[in-house]
Each structure stands twice: as structure tokens, then as C-alpha cells.
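Undergrad: Structure below; questions to follow.
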Amino acid sequence: GGGGFLIPAGDPNYSYTAVWPVDQDTYLLASAPHAHLRGKASKLELEYPDGMVETLIYLPRYDFAWQHNYQWEKPILMPAGSTLRLTFWWDNSADNPFNPDPADDVEYGLATTDEMMTGRVFYSKAAPIHHVVGDPVPAELFPSEPAWVRAEHGVPKFLETLDGIEAVPGAGGRTVAE
């Protein structure tokens, strides 16, 4: 499938991790992890260039019916050379009361009965672009394809534009605004 993962039938704790290398200083503004009915947990982590890892969001009991956009009180600086890492866990077992069919192997797909691992990330470049309102917008500010098109062509790393339940404060004293 287009998502790069296949959740085996009956697996109660399948996990998959996607990464986004940060190539320039960038501010993380908000995020919204998203999965479907088998989604069990999600964690968004930032690994800094020095190797320190900070948990930004941990949703230990993901719930498809309760999806949120998590916005930090202050933007988080992701220095160039950092790596943003999104891990999801799914429960494809008969013990999951929301599972449409625990006997099926499940791939990435748009239907609610398929599975999804979307990490929407709202961010801003740290360096000012010095754009004057009313002037033409520089072409380099726009990707050549929308993020959702890029995701269909391979493993959806992050859909650059991030929902879960019960945000747990991350390391370093940063908390998610509720």
C-alpha cells in the first residue's frame, strides 16, 4: 500500500515510525496525529542535532472519535539537523471493539475501515523571508506538489500541514495547550 505499512491480522500492538529530517531552522507551531479505528497510541518526538530526544506529544490512548490539533503556547525551535519522528501503534485484534475485521491485514487507505498514519505538522521557517504584502509570492515558498499528492507516491512521512486524545506534557517542561 501507499502508506508503507501493513498491520498484520490479529496483531494487538503493531507499530510504525516515520521521520522528517529538518533541513533548516524551523518553528513547530502545532501538530495533529491522525489514524483510524485501529489507532491505539501515538508519539511525536524531536531528536536534536546533539542526540537529545524530546517527547512533544504522547497520546497513550488514541481515540478516532476525539481528534485534536495540539498547539504549543510558544513555538518550538527545531534546529537544522534535527529529526521529527512520529510513531503510531495500532490494535488489529479482536479485543479492539472498534476493529471492523481483526482477520484482515490492513494497509494505508482513505476509508475509515482502512488505516492511516498522518502526522500533520504546522510549522514556519525560522528565517524571515522579507516578503512585502501585495508583491508576488516567491515560487520557492510553494512545494511543487501538494503534500497529500507526495504522500500517495510513497511512505507518508509527514503531511506538512498534524488528532488524538489526552495529550501528556513532553520533556523539557513544554506542555500542549488544551
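The values are calculated or read from the model by the stated rules, or taken from the named source; none is laboratory data. All values derive from a computational prediction rather than experimental measurement. In this analysis, Cβ positions are derived from the backbone assuming ideal geometry, glycine residues included, and neighbour counts consider all displayed protein chains. For the accessible areas, the whole protein counts, side chains as well, though only heavy atoms, and no ligand, DNA or RNA atoms are used. Shrake-Rupley method; radii C 1.70, N 1.55, O 1.52, S 1.80 Å.
Undergrad: State the number of residues belonging to the range 121-140 that are open to solvent by 90 Å² or more (accessible area, probe 1.4 Å) and outside any loop (DSSP other than H, G, I, E, B).
TA: Residues in the range 121-140 being open to solvent by 90 Å² or more (accessible area, probe 1.4 Å) and outside any loop (DSSP other than H, G, I, E, B): 1 in total.
Undergrad: Then there is this: For the range 32-55, which residues satisfy the criterion of being surrounded by 15 or more Cβ atoms within 10 Å (Cβ to Cβ), assigned to a strand (DSSP E or B) and modelled with pLDDT of 90 or more?
TA: First, the residues of the range 32-55 that are surrounded by 15 or more Cβ atoms within 10 Å (Cβ to Cβ): 32-48, 54-55.
Pick out the ones that are also assigned to a strand (DSSP E or B) and you get 32-34, 39-47, 54-55.
Across the range 32-55, the qualifying residues are G39, K40, A41, S42, K43, L44, E45, L46, E47, E54, T55.
Undergrad: Which one of these does L59 not meet: (1) closer than 25 Å to E107 by Cβ; (2) more than 13 Å from the chain's Cα centre (by Cα)?
TA: Tallying (1) closer than 25 Å to E107 by Cβ; (2) more than 13 Å from the chain's Cα centre (by Cα), L59 fails exactly one: (2).
Undergrad: Of all the residues that make up the range 56-76, how many are aliphatic (A, V, I, L, M) and surrounded by fewer than 16 Cβ atoms within 10 Å (Cβ to Cβ)? Walk me through it before giving the result.
TA: Initially, the range 56-76 is screened for residues aliphatic (A, V, I, L, M), giving 56-57, 59, 65, 76.
Checking which are surrounded by fewer than 16 Cβ atoms within 10 Å (Cβ to Cβ) leaves us with 65.
Count: 1.
Undergrad: Got at least one residue in the range 81-101 being over 16 Å from S15 (Cα atoms), of a type outside the set (A, V, I, L, M), at pLDDT 85 or above and touching a strand residue (DSSP E or B) at 6+ places or on another chain (Cβ under 7 Å)?
TA: yes
Undergrad: Tally the residues that are outside any strand (DSSP E or B) and open to solvent by 50 Å² or more (accessible area, probe 1.4 Å), restricting the search to the range 9-31.
TA: Restricting attention to the range 9-31, the residues satisfying the condition of being outside any strand (DSSP E or B) are 9-13, 22-25.
With open to solvent by 50 Å² or more (accessible area, probe 1.4 Å) added as a condition, the list becomes 12-13, 23-25.
The total comes to 5.
Undergrad: Would you confirm whether or not the range 102-112 contains a residue that is in contact with a Leu (Cβ under 8 Å, 6 or more places away or on another chain), at pLDDT below 95, within 30 Å of A9 (Cα to Cα) and not in a loop (DSSP other than H, G, I, E, B)?
TA: Yes: one or more hits.
Undergrad: Now a separate question. For the range 83-105, indicate whether the set of residues that are polar (S, T, N, Q) and under 22 Å from K125 (Cα atoms) is non-empty. So that I can check it myself, show each step before the final result.
TA: Residues of the range 83-105 polar (S, T, N, Q): 83, 87, 92-93, 96, 99.
Filter again for under 22 Å from K125 (Cα atoms), leaving 83.
Looking for residues that are polar (S, T, N, Q) and under 22 Å from K125 (Cα atoms), one finds at least one in the range 83-105, hence yes.
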